[in-house]
């Protein structure tokens, strides 16, 4: 737990809320993959990716209101090279802009470095999303570069920003 935020491992019972959050237009707009998510699709993801350890996913809870508000996850976990990709979304619109994402990120990063044994955690974010970039910076991620017109959605090209945090940076940041 970090102030008023906690994370817990996702369960199959979380499927309806995850599907609702993930299909909200404000969430879909920040994802590269925009195909609507169904309960069947999420359960397949759960069984094939989460249950196999390829993905570790958490539910974010606002402990002041005891409300689940979003999800944070690590995907494409590469145990040999000790790296994975980070992702997060706050599904409850009323909970955005309150620092919940940054706090959840810190909790999740602690888990990835201490429990999963990762050395590097990276992410991709639309360059057009400065609020998310700021949240990632607050969690300790460093800017690594921008891939110009990296993703094409509905015929329009978008720049993607790449960010990462290393275990040594995380250790240093937690001591300050």
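Would you call residue 49 in a helix (DSSP H, G or I) and either touching a residue at least 40 places away in the same chain (Cβ under 8 Å) or closer than 24 Å to residue 165 by Cβ (or both)? The answer is yes for residue 49. Scanning segment 33-42 for residues that are loosely packed, with under 14 Cβ neighbours inside 10 Å and either in contact with a strand residue (DSSP E or B) (Cβ under 6 Å, 6 or more places away or on another chain) or at pLDDT 90 or above (or both) gives 38, 39, 40. Checking each residue in segment 123-132 for being outside any strand (DSSP E or B) and either touching a strand residue (DSSP E or B) at 6+ places or on another chain (Cβ under 6 Å) or under 14 Å from residue 74 (Cα atoms) (or both) picks out 127, 132. Within segment 1-19, the set of residues being exposed (fewer than 13 other Cβ atoms within 10 Å of the Cβ) and part of a helix (DSSP H, G or I) comprises 12, 13, 16.
Looking across 30, 57, one residue alone is in contact with a helix residue (DSSP H, G or I) (Cβ under 9 Å, 6 or more places away or on another chain), outside any strand (DSSP E or B) and either at positive phi or surrounded by 12 or more Cβ atoms within 10 Å (Cβ to Cβ) (or both). It is 30.
Total residues in segment 73-100 satisfying the condition of being part of a helix (DSSP H, G or I), crowded, with 17+ Cβ neighbours inside 10 Å and without any contact (Cβ under 8 Å) to a residue 40 or more places away in the chain: the figure is 1.
For segment 138-161, filtering for residues that are on the phi > 0 side of the Ramachandran plot and touching a strand residue (DSSP E or B) at 6+ places or on another chain (Cβ under 6 Å) leaves 3. Inside segment 101-122, residues that are part of a helix (DSSP H, G or I), in contact with a strand residue (DSSP E or B) (Cβ under 6 Å, 6 or more places away or on another chain) and crowded, with 22+ Cβ neighbours inside 10 Å make up a count of 5.
The values are calculated or read from the model by the stated rules, or taken from the named source; none is laboratory data. Keep in mind that what you see is a predicted model, and the values were worked out from it rather than measured. Cβ atoms come from the backbone with ideal geometry, glycine included; neighbour counts cover every protein chain shown.
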